[in-house]
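Accompanying notes for the structure given below.
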Amino acid sequence: MMDLTKIRREFPILEQKIYGKPLVYLDNAATAQKPLCVIDTISDAYRNVNANVHRGVHFLSQKATDQMEAARETVRRFIGAGSTEEVIFTRGTTESLNLLASSFSKAFLKPGDEIVLSGMEHHSNIVPWQIQAEQYGFTIRVIPVTDDGLLDMDAFRQMLASKVKLVSVAHVSNVLGTVNPVAEIIAEAHSKGIPVAIDGAQSVPHMKVDVQALDADFYAFSGHKAYGPTGIGVLYGRRGLLEQMPPYQGGGEMIKHVSFAGTTYNGLPFKFEAGTPDYIGAIALARALDFMTEVGLDSIERHERELCSYALDALNTIPGMRIIGQAPDRSGVISFLVGDVHPADMGTLLDKLGIAVRTGHHCAEPLMERFGIPGTVRASFAMYNGKSEIDALVAGIDRIRKMF
Ligand code: 7TS
């Protein structure tokens, strides 16, 4: 059992009052709040450790480098990667996917090739591929989404018959909460020799992820959604593939030797980390991941799933409630519409009650189009949310509904 009172004490922002009402923070899929240990780690690192990494002989530079590389090891362990050479620090999921799209396309994709995405992707797993498709002439195919908000796996299997060179899909949908069967997707693709990239932005904060057990070839996530700081994220990549891929950006750190006659690149993972990295962010991300480990990934997942089914039951009692996404296997994200109330109106009025939700298309416009809706209201949960907050949400929605 999770001790919610104890956990909530670690998150000072949750004590805030909004318009005189206790903050009910249900926008965790956008970003999670930070525990004191992460805030303190950032402060301590700037006070006591700060110096540029990987280039100084002096004491502080060594110390910062050691802590950054220890952070890489923490990430490796947390996601079950085989080697720290396979753990690339980026600015977040978006940069991880842009790096992947850019370098993978340059190395492996040509006109006539295909890649497979899904109809429930975040724009950051769509647009980077469209940009590269313009340059390299490959075709993007899309796994359809069923009425319940699941991937159409039969359609997916049929797509693999052709010239597919990569599959890239979300582990968990940021709109529907659907947990996609990524182990099955990876096994199916691998049986045809096709590598698979997973967008883990909405999974890593909520469940135990093991990239080797999944046999994923690439796995991307953001620190800020996993109780870590903004501006830091990770791209895991299988060594054999990363070695064949060209650098994403050029600059310091990513080179072995530079001359105007020609330049040689650094080894993994530094080949993909041009410029001064966010080493303070990396150190604080490691603290956030350790914090999650201390609380327990199993406990976090169990708690959030319980909260989600409690919320679904309660929301379904509201007249006019329409939940978008009915997957049996789901994570703590619930999108909904109520009667004719516009999502933006619902969000604005909930805010007046101190309840933070997100409204709109959630950077998944193709998915909105699929369901024929302009947007949704979305409540999303984290380890520190409790049933009383769901009760506040449900009471708030019911009150607002009656105003229309
Ligand atoms: N992929 C998924 C599945 C996401 O949910 C998000 C962010 C991203 C990628 C991009 O992550 P970033 O950290 O690089 O921005 N999703 C959301 C959201 O649902 N509301 O705000 C951000």
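In the set (1) more than 16 Å from the ligand (Cβ to nearest atom); (2) surrounded by 16 or more Cβ atoms within 10 Å (Cβ to Cβ); (3) within 25 Å of the chain's Cα centre (by Cα); (4) among the basic types (Lys, Arg), Arg77 fails one condition alone, (2). Entry remark, the stretch 356-384: residues being surrounded by 23 or more Cβ atoms within 10 Å (Cβ to Cβ), part of a loop (DSSP other than H, G, I, E, B) and within 16 Å of the ligand (Cβ to nearest atom) number 5 in total.
Is one or more of the residues making up the stretch 264-271 of a type in the set (A, V, I, L, M), free of Cβ contacts under 8 Å to residues at least 60 places away in the same chain, in a loop (DSSP other than H, G, I, E, B) and under 15 Å from Phe89 (Cα atoms)? For the stretch 264-271, residues of a type in the set (A, V, I, L, M), free of Cβ contacts under 8 Å to residues at least 60 places away in the same chain, in a loop (DSSP other than H, G, I, E, B) and under 15 Å from Phe89 (Cα atoms): absent. Residues in the stretch 170-226 that are of a type in the set (Gly, Ala, Ser), within 25 Å of Met368 (Cα to Cα) and within 10 Å of the ligand (Cβ to nearest atom): Ala170, Ser173, Gly200, Ala201, Ser203, Ala220, Ser222.
Taking residues in the stretch 5-29 that are farther than 21 Å from Arg378 by Cβ and at pLDDT 95 or above, and partners anywhere that are open to solvent by 50 Å² or more (accessible area, probe 1.4 Å) and not basic (Lys, Arg), the pairs with Cβ atoms closer than 7 Å and at least 6 places apart or on different chains are Glu10/Leu36; Pro12/Leu36. Selection of first residues in the stretch 336-361 that are closer than 22 Å to Lys17 by Cα and of second residues that are of a type in the set (Asp, Glu) and assigned to a strand (DSSP E or B), restricted to Cβ pairs under 8 Å at least 6 apart or on distinct chains, gives the following pairs, ordered by first then second residue: Ala356/Asp27; Val357/Asp27; Arg358/Asp27.
Looking across Ala70, Ala45, one residue alone is under 22 Å from Gly233 (Cα atoms), small (Gly, Ala, Ser), touching a residue at least 40 places away in the same chain (Cβ under 8 Å) and buried (at least 18 other Cβ atoms within 10 Å of the Cβ). It is Ala45.
Taken over the stretch 109-132, the criterion of being open to solvent by less than 50 Å² (accessible area, probe 1.4 Å), not polar (S, T, N, Q) and not in a helix (DSSP H, G or I) is satisfied by Leu109, Gly112, Asp113, Glu114, Ile115, Val116, Leu117, Gly119, Met120, Glu121, Ile126. Looking only at residues in the stretch 347-404 that are in contact with a strand residue (DSSP E or B) (Cβ under 7 Å, 6 or more places away or on another chain) and of a type in the set (D, E, K, R), the one that is farthest from Ile13 (Cα to Cα) is Arg370. On the stretch given as the stretch 264-294, residues that are within 29 Å of Glu304 (Cβ to Cβ), surrounded by fewer than 22 Cβ atoms within 10 Å (Cβ to Cβ) and in contact with a strand residue (DSSP E or B) (Cβ under 6 Å, 6 or more places away or on another chain) total 0.
When Ser105 is tested against (1) among the small types (Gly, Ala, Ser); (2) buried (at least 23 other Cβ atoms within 10 Å of the Cβ); (3) away from the ligand (no atom under 16 Å from the Cβ); (4) not in a helix (DSSP H, G or I), just one condition goes unmet, and that condition is (4). Restricting the stretch 328-340 to residues that are away from the ligand (no atom under 16 Å from the Cβ) and not in a loop (DSSP other than H, G, I, E, B), the residue that is nearest to His171 (Cα to Cα) is Leu337. For the stretch 341-355, indicate whether the set of residues that are part of a loop (DSSP other than H, G, I, E, B), of a type outside the set (Lys, Arg) and surrounded by 20 or more Cβ atoms within 10 Å (Cβ to Cβ) is non-empty. Taking every residue of the stretch 341-355 in turn, none turns out to be part of a loop (DSSP other than H, G, I, E, B), of a type outside the set (Lys, Arg) and surrounded by 20 or more Cβ atoms within 10 Å (Cβ to Cβ). Name the residue, out of Ser331, Ser309, Ser299, that is surrounded by fewer than 16 Cβ atoms within 10 Å (Cβ to Cβ), within 23 Å of the chain's Cα centre (by Cα) and under 19 Å from Ala29 (Cβ atoms). Exactly one residue qualifies, and that residue is Ser309.
Meeting the requirement of 2 or more residues that are crowded, with 24+ Cβ neighbours inside 10 Å and in contact (Cβ under 8 Å) with a residue 40 or more places away in the chain, the strands (runs of 3 or more DSSP E) wholly within the stretch 137-232 are 164-170, 196-199, 218-222. Report yes if Thr90 is open to solvent by 50 Å² or more (accessible area, probe 1.4 Å) and within 12 Å of the ligand (Cβ to nearest atom), otherwise no. So Thr90 does not fit the description; no.
Which of the residues that make up the stretch 251-263 are surrounded by 13 or more Cβ atoms within 10 Å (Cβ to Cβ) and in a loop (DSSP other than H, G, I, E, B)? Hits for the stretch 251-263 are Gly252, Glu253, Met254.
The values are calculated or read from the model by the stated rules, or taken from the named source; none is laboratory data. Remember, predicted model here, so these are calculated numbers, not experimental data. Cβ sites come from the backbone with ideal geometry, for glycine too, and all protein chains shown count toward neighbours. For accessibility, only protein heavy atoms count, side chains too; no ligands or nucleic acids. Shrake-Rupley method; radii C 1.70, N 1.55, O 1.52, S 1.80 Å.
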